[in-house]
Amino acid sequence: MLVWLLQSVLDGYNGTVMAYGQTGTGKTFTLGRLGEEDTSARGIMVRSMEEILANVSPETDSVSVSYLQLYMESIQDLLDPANDNISIVEDPKTGDVSLPGATHVEVRDERDFMELLRTGEAHRIAANTKLNTESSRSHAILMVHVKRSVLGAEDVIPSETDKSSHFAKPPKPLVRKSKLVLVDLAGSERVHKSGSEGHMLEEAKSINLSLSALGKCINALAENSAHVPVRDSKLTRLLRDSFGGTARTSLIVTIGPSPRHRGETTSTILFGQRAMKVENMLRIKEEFDYKSLSRKLEIHLDKLIAENERQQKVFDDEVERINLEALNRVSEVERNFAGALEKERLKCQMEYMESVKKLEEKMIENQQKHGCDGFMQDKCNGEGPGSSIVEDVAEVKKLLEKEIHMRKEAQEEVNKLKSQLGQCPDSGEGGGSEILKLQKALADEVLQKKKLEEEMIILRSQMLQLTFEADQMRRCLGRNGSANAYGGLDSPMSQVRGSLNGHKTPVAALFEQVGLQKILALLESEDANVRIHAVKVVANLAAEEANQERIVEAGGLTSLLVLLRSYEDENIRRVVAGAIANLAMNETNQELIMIQGGINLLSVTASRAEDPQTLRMVAGAIANLCGNDKLQTKLRSEGGIKALLGMARCGQPDVLSQVARGIANFAKCESRASTNGIKSGRSVLIDDGALPWIVQNANNDSSPIRRHIELALCHLAQHEVNAKDMISGGALWELVRISRDCSREDIRSLARRTLNLSPIFRAEMRRLRIEV
């Protein structure tokens, strides 16, 4: 049975082992014996811890211990004796009992646990009676808190552009929290048998009273009674989860063999039989491990960045190599063409010089051969060697024409070589096909780089949402409704700003690395996932007041309103409404929202939305606008007030809280305008039919809703013209209740002062004989 219970604790369920019986029958021996000399004589406490420590991982799991005693209806810390009055805290939603003032010590091995048990036993109160030489005078409670990390299913998202590649999300880490409670009850005793007197008699009375309260609770649960008196004793409050709760409980009853104690033995057995009839509803407590998930996303992001940098370096090296190779080939071609050109030029010059030389030699030879007289004679007679001279001249002319022609051909060859030299850089890069291949490779690399940049932006935005959601989840879990609503509350997203002051958030880092313009450009992306993540990033940026002005100046508000108007997707509308709610916390932005038709757009969105989270965001945005004195008329004319009241149909507490906040802000502005003489006449809220809803929710179980409604009633009552409608609508009785029972002193005083200053309210209270 014990192994089965411990396995349940390791699986995430709560468990309880409790020893009940007459004093001196071996309860402490069974549960708390250390067995330092003989390990086989160890009690259940030591054995349970051995089993738990053997099945947890020191790297991912944790085990912590608290050791307490209930003495004379006072909870005392056995590990810190100075802490002798620990209060019990109950969660109003789940009913879970916790002891925030108790000492929690993390246990790594069995030696640490044995040392804690020795310390606790040394501080436990015991006394010598006729029935037991070491009779426990208090109930000992050992609480073992186990936190184990497990992995959920792994999600895979196929890529739209490349069907062969997939983008895999890491498995979702989960944390299972369970609690093992080991209770060593003090033994019931009859005073005439134990011989207790004086202070020991008072101790015996306290022990018997707490055990009697426990027995009454067991009887009520066994008989399925409508009322279980768990508040009669602190013992029953501590064991609320063990009987009729969500824990797996094992009860050990101890009896004595002596016939003298037959009555006590019978009573103990009957108690055990009644306890066996109690049914518990087991429930596993499992939460997301947001910190671990955030760490894994950061590691995944670092890997992507490193891979991108590696690919970029390879790409740059390849481009540099291709450029160097092309330059070498171009230089070689230039050298070859320059050498060929020089050779051709020298050849032409040599041929020309040889032709000129030959011509000069022939001319000299002719001059020497024919004298001047003979030449004149021949010329006169027209005979002799004159014909040969003519032939020589003709031959010289032919040689000159040939030389000119050769020079032209040489010049044409030079021009051709020059044109080829001008085309050589293109051919030097490996020809047209190589250039096309290179250009295609460059285009592919640019496209791949763009894809990687988009994936990096999406990963960064996912990591933040989870952390914000984790923070918001922790705040929501820890929220107890104690916020001051008198001055008007901020929207839910604005509560993040307090935790971000003084620290550079991942959103701010993304803002610096990517740039606002690039983030806003992603709002118009064709990919729905990219668009949603971009809206989430803008919403988180808008939660910080320092970023709001820059977002509005860059056109972010206009883009968000266009998205809210254009898209029917519920996720986009919800996140966009949250971003607008954050921007609406600034008075200047509120007027811009009004100018761009944002009030009417939010009203239409409220009428179409069904998702509670979307309604909460829209209600938060309208509630922020209701706190602006300049927008009162516009809010009514464009349907903002009616949209706010219409969202009350949802019934979800968070939505109702934002509706109540908006009504309180609007009533406050109306009251201020009436006091300053700006407004006269009945309240717009009463004209639009909000008073019945206000009266109906004035005593709501949710403290935030109730506090906002109480403020709204007080502000409405400050204007005398509303008094008669409030009396006929039943609001007077709520004002009287607020003036008497409200938990907030300032609201209580405001209600009392309003009732005393109004002649109509005073007359009605005199008629009804009500005193404030």
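The values are calculated or read from the model by the stated rules, or taken from the named source; none is laboratory data. On a predicted model such as this, the values are computed, not experimentally measured, just so you know. Here the Cβ positions follow ideal geometry from the backbone for every residue, glycine too, while neighbour counts run over all protein chains shown. Each accessible area value is taken on the protein alone, full model and side chains, heavy atoms only, with ligands, DNA and RNA left out. Shrake-Rupley method; radii C 1.70, N 1.55, O 1.52, S 1.80 Å.
One table, with the values for the structure above:
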item	result
Equivalent ellipsoid semi-axes, the range 1-42, via Cα gyration tensor eigenvalues times 5, rooted, Å	23, 16, 7
Accessible surface of the range 556-595 [probe 1.4 Å, protein heavy atoms]: carbon and sulfur percent	49
Mean Cα-pair separation over length for the range 1-143, i.e. relative contact order, pairs under 8 Å, 6 or more apart, %	21
Distant-in-sequence amide H partners of Ile75 (H built 1.01 Å from N, under 5 Å)	Ile86
Solvent-accessible area of Phe29 with every protein chain in place, 1.4 Å probe, in Å² to the nearest 10	120
Estimated dipole of the range 203-351 in Debye, rounded to 20 [Cβ of Lys and Arg +1, of Asp and Glu -1, Cα centre]	1780
Stretch gain in nm, segment Lys369-Glu591, where the contour uses 0.36 nm per residue and the Cα spacing is subtracted	68.3 nm
Span from the the range 1-78 Cα centroid across to the the range 204-264 one, whole angstrom	19
For the range 83-88, Karplus couplings with θ = phi - 60° (6.51, -1.76, 1.60), whole Hz, Gly/Pro x	8, 10, 8, 8, 8, 9
Förster radius 60 Å - calculated FRET efficiency between Phe315 and Glu36, Cβ distance, rounded to 0.05	0.30
Simple spin-label estimate for Asn308 and Val562 in nanometres, 7 Å along Cα-Cβ	2.5
Percentage of interatomic Cα-Cα distances in the range 644-772 larger than 24 Å	22
Charge dipole of the range 647-772 about the Cα centre (unit charges at C-beta), most positive-ward option of Val695, Asn756, Cys714	Asn756
Calculated from backbone phi, Karplus (6.51, -1.76, 1.60) coupling profile of the range 634-649 in Hz, x at Gly/Pro	5, 4, 6, 5, 9, x, x, 5, 5, 5, 4, 5, x, 6, 5, 4
For a label point 7 Å along the Cα-to-beta-carbon line of Lys291, residues of the range 115-147 with backbone N under 19 Å	145-147
Radius 15 Å from Cβ of Gly95, net charge of other residues (Lys, Arg +1; Asp, Glu -1)	+2
Subset of Lys177/Lys536; Lys642/Lys679; Lys147/Lys296; Lys147/Lys291; Lys518/Lys630; Lys27/Lys216 violating a 23 Å alpha-carbon distance limit	Lys177/Lys536; Lys518/Lys630
Among Ser331, Leu297, Phe315 the positive-end extreme of the charge dipole of the range 290-331 (Cβ point charges)	Leu297
Student exercise, the range 290-331 dipole from Lys, Arg, Asp, Glu Cβ charges, in Debye to nearest 20	320
Per principal axis, descending, Cα span of the range 515-581 in whole Å	30, 22, 17
Ranking by accessible area, most exposed first, for Asp746, Asp77 with a 1.4 Å probe	Asp746, Asp77
Stretch gain in nm, segment Arg550-Asp11, where the contour uses 0.36 nm per residue and the Cα spacing is subtracted	189.1 nm
Within the range 515-581: Cβ-based charge dipole about Cα centre, in debye rounded to nearest 20 (Lys, Arg +1; Asp, Glu -1)	40
Cα→Cβ-extended label distance, 7 Å offset, between Ala226 and Ile88, nm	2.4
Heavy atoms of Cys650: accessible area, 1.4 Å probe, square angstrom to 10	40
Modelled label reach - Gln273, point 7 Å along Cα→Cβ, the range 3-23 residues with backbone N closer than 20 Å	20-22
Glu106/Asp611 FRET efficiency (R0 41 Å; Cβ-Cβ; nearest 0.05)	0.50
Value of relative contact order over the range 515-581, rounded to a whole percent, pairs C-alpha under 8 Å and six or more apart	34
Candidate residues Val537, Val562: accessible-area rank, largest first, probe 1.4 Å	Val562, Val537
